[in-house]
1. Scan the stretch 64-77 for residues that are crowded, with 19+ Cβ neighbours inside 10 Å and either hydroxyl-bearing (Ser, Thr, Tyr) or touching a strand residue (DSSP E or B) at 6+ places or on another chain (Cβ under 9 Å) (or both) and jot them down.
2. Could you please tell me which pairs satisfy a Cβ distance under 7 Å, a separation of 6+ or placement on different chains, a first residue in the stretch 118-140 that is loosely packed, with under 15 Cβ neighbours inside 10 Å, and a second residue that is of a type in the set (Val, Ile, Thr)?
3. From the set of residues in the stretch 1-55 that are within 16 Å of the ligand (Cβ to nearest atom) and of a type in the set (Asp, Glu), which is least open to solvent (accessible area, probe 1.4 Å)?
Amino acid sequence: MTTQRTFSIIKPDATRRNLTGAINAKIETSGLRIIAQKRIQMTKAQAQEFYAVHAERPFYNDLVSFMTSGPVVVQVLEGDDAVAAYRSVMGATNPAEAEAGTIRKEFAENIEANSVHGSDSDENAAIEIAHFFSAEEIIG
Ligand code: CMP
């Protein structure tokens, strides 16, 4: 196992329902460390760029509207195999398919308002972290 970093977003459906602490408890209980964190209001341009890979998908415009509908908490997580570890803590994208005990099973409203985002690869983690954090803001 290697120590890795991954990027996380606590999405507007979760901040709206005051679930930041409950989600962070699940992250920390899993052994991942929150080594950078800030609450921001994403701009439309930031959301469009962040999700550019989905630009041709039918849900893209709704996703950008949702991600800018309220505050989000962006985070850097560190731990053993952090990318895979966080994906297992989050559960499946669609909460209806997520395993019991995962963040999305317990908290997500639907496939769009699914409470959290996590990077899908080491390479994307580095790109996503650099979107929102400078090196000085990450205290490992
Ligand atoms: P996330 O892991 O942030 O990556 C893309 C996001 O698009 C996803 O979580 C959901 O919030 C949203 N989304 C909305 N509809 C779909 C869908 N049909 N399939 C996958 N993702 C979707």
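1. The initial filter retains those residues of the stretch 64-77 that are crowded, with 19+ Cβ neighbours inside 10 Å, namely 64, 67, 72-77.
Within the stretch 64-77, MET67, VAL72, VAL73, VAL74, GLN75, VAL76, LEU77 qualify.
2. Every condition considered, the pairs that remain are SER121/VAL83; ILE138/ILE35; ILE138/VAL76; ILE139/ILE35; GLY140/ILE35.
3. ASP13
The values are calculated or read from the model by the stated rules, or taken from the named source; none is laboratory data. Just so you know, these numbers come straight off a predicted model, no measurement behind them. Counting neighbours? That spans all protein chains shown, and the Cβs are built from the backbone with ideal geometry, glycine included. For the accessible areas, the whole protein counts, side chains as well, though only heavy atoms, and no ligand, DNA or RNA atoms are used. Shrake-Rupley method; radii C 1.70, N 1.55, O 1.52, S 1.80 Å.
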